[in-house]
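The values are calculated or read from the model by the stated rules, or taken from the named source; none is laboratory data. These numbers come from a predicted model, not from an experiment. Here the Cβ is made from the backbone with ideal geometry for all residues, glycine too, and neighbour counts use every protein chain on show. These area figures cover heavy atoms from the full protein model, side chains too; ligands, DNA and RNA do not enter into them. Shrake-Rupley method; radii C 1.70, N 1.55, O 1.52, S 1.80 Å.
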Amino acid sequence: MNVLLIYPEFPDTFWSFKYALSFLGKLSTHPPLGLLTIASMLPRDWSLRLVDTNVRRLRQRDLDWADAAFISAMAIQREPARQIIARCREAGLRIVAGGPLFTADHEQFDDVDHFVLNEAELTLPGFLADLARGCPQRVYSSAQFADLQQTPAPQWQLLDLRRYASMSIQFSRGCPFNCDFCNVTALLGHQVRMKSSRQIIDELDHLYALGWREDVFFVDDNFIGNKEFLKKELLPALIEWRKDKAGIPFYTEASINLAEDKILMDMMVQAGFNRVFVGIETPDEICLAECRKLQNKNRNLLEDVECIQRSGIEVQGGFIVGFDKDPPHIFQRQIDFIQKSGIVTAMVGLLQAPPGTRLYERMKAEGRLLGESSGDNVDGSTNIIPAMDLKTLLEGYRSILQHIYAPKHYYQRLRTFIRTCRPPALRSPLRFSDVRAFVRSMWRLGILGRERFHYWRLLLWTQFRYPRHMRHAVTLAIYGHHFRKMTNRHVT
């Protein structure tokens, strides 16, 4: 059987980094890790072709070649997924769909032949067995959770690696916390399930053998969900692995309690981690209690961010406005927190209620649900009726974006970060993409950009005072260009 593995296009968002990727000569930030893993679960005698429409078009000759299409998508890819399904239906292909979008909302896709939902390690084998017998059902689902030590390594060889800014690896699934607005536990559970250290090293070895030398994203929703295993097993293995390898940087997502564990932070830095995304959400204690972000309560969040950055790990932060108990001055409080923290990549969104969350059920019961969430938590939309006047909420939200991504304030925050963050202990070799990005930044930001004064001031200041942070300075200046482009979309 000839099978197309198709990944729909992402719309332009803060997280797409579209306008930053052009400096690097890349087309997408991350590969479709789910489909690459599914590829390793399919019969060996099937012929596979991956079409990531973020890096190339789905061509008619692809459809003519195929017998079936396997489509995976997240909620934000809803409309591109519909378009791909329509093309596959017109071409007469058997259509199989899975991933978060379809797991949450498969009833909305009548043209899909078969749904393989939840975790494919549990549901795909049943579908494949029924397909081989000629009696496949329409829906395969499971309330159980998979053993990740049985999960095969992704088929990286299906990718054109040159088109991506980073690769992705999954070490664990699940999160021990239970935030009101987050659907991670609804999809993946509270218990943190992990791959073995040997599995992760084998995946890295495979990537390295294919020539990959750039960033690797550990896509775990909370990388530090099992600190003991990290300290005893995975991080020592990664530290050992790096000894004879070029400096591949790692980055991931974690909860703010990372700041409590200096040993863990030091080991992560030694293993090669230089960035972590943290869901801070709000500096308001009452709102943290409202959304059950209890791990963020009763602590000095500014000191926590500074602690992580002083260890040598850049903090990227997620922030939310639109909680029922947001006070009128919340917008200025968010601005003040972001500026003081030195969080350069500050993603601010309106509260949304994804299906499967307690927030979704509460809004539905209160008659405040306006439909499905967009899947983009920083697009300035909401699917709930807020307690605050909507016009006030939208104006306040836009005021945050306009302030934090204005060149003056953005570069000021960037300097705060550089002053705070310990320089990288592991220095990666200078890559051609780094040189290209620097040259393009000098032209686009230093000559053509309206931030040129701030750009050159930053580079000179960094070169003379913090030269080991020069790569950080250039990278984050380029990020700022992307963020301002996206901000202009949201505030006009």
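The single condition from (1) open to solvent by 80 Å² or more (accessible area, probe 1.4 Å); (2) over 25 Å from the mean Cα position of the chain (by Cα); (3) of a type outside the set (Phe, Trp, Tyr) that Arg489 fails is (2). Taking Gly322 as the residue in question, decide whether it is modelled with pLDDT of 95 or more and of a type in the set (Gly, Ala, Ser). Judged against the criteria, Gly322 is a match.
The conditions are (1) in contact with a strand residue (DSSP E or B) (Cβ under 7 Å, 6 or more places away or on another chain); (2) closer than 21 Å to Gly342 by Cα, and Arg368 fails exactly one of them. Which is it? (2) is the only condition that Arg368 fails.
State which residue is farthest from Gly342 (Cα to Cα) when the search covers only segment 448-475 and only residues that are open to solvent by 90 Å² or more (accessible area, probe 1.4 Å) and not in a helix (DSSP H, G or I). It comes out as Leu448. Within this structure, His403 fails the test of being in contact with a Pro (Cβ under 7 Å, 6 or more places away or on another chain) and assigned to a helix (DSSP H, G or I). Pairs linking a residue in segment 476-492 that is closer than 11 Å to Tyr405 by Cα and basic (Lys, Arg) to a residue that is at pLDDT 95 or above and not in a helix (DSSP H, G or I), with Cβ atoms under 7 Å and 6 or more positions apart or on different chains, are Arg484/Tyr405.
Number of residues in segment 42-83 that are open to solvent by less than 60 Å² (accessible area, probe 1.4 Å) and part of a loop (DSSP other than H, G, I, E, B): the value is 10. Applying the condition of being assigned to a helix (DSSP H, G or I) and open to solvent by less than 40 Å² (accessible area, probe 1.4 Å) to segment 344-393 and asking which residue is nearest to Leu288 (Cα to Cα) yields Leu359.
The set of residues in segment 144-167 that are open to solvent by less than 40 Å² (accessible area, probe 1.4 Å) and part of a helix (DSSP H, G or I) comprises Leu148, Trp156, Leu161.
For segment 331-343, the set of residues classified as farther than 29 Å from Ala186 by Cα, in a helix (DSSP H, G or I) and not hydroxyl-bearing (Ser, Thr, Tyr) consists of Phe331, Gln332, Arg333, Ile335, Asp336, Phe337, Ile338, Gln339, Lys340, listed by residue number.
Quick check: anything in segment 412-435 in a helix (DSSP H, G or I) and more than 26 Å from Gln309 (Cα to Cα)?
yes
For segment 84-99, taking the residues that are in contact (Cβ under 8 Å) with a residue 24 or more places away in the chain and open to solvent by 60 Å² or more (accessible area, probe 1.4 Å), the one that is farthest from Asp130 (Cα to Cα) is identified as Arg87.
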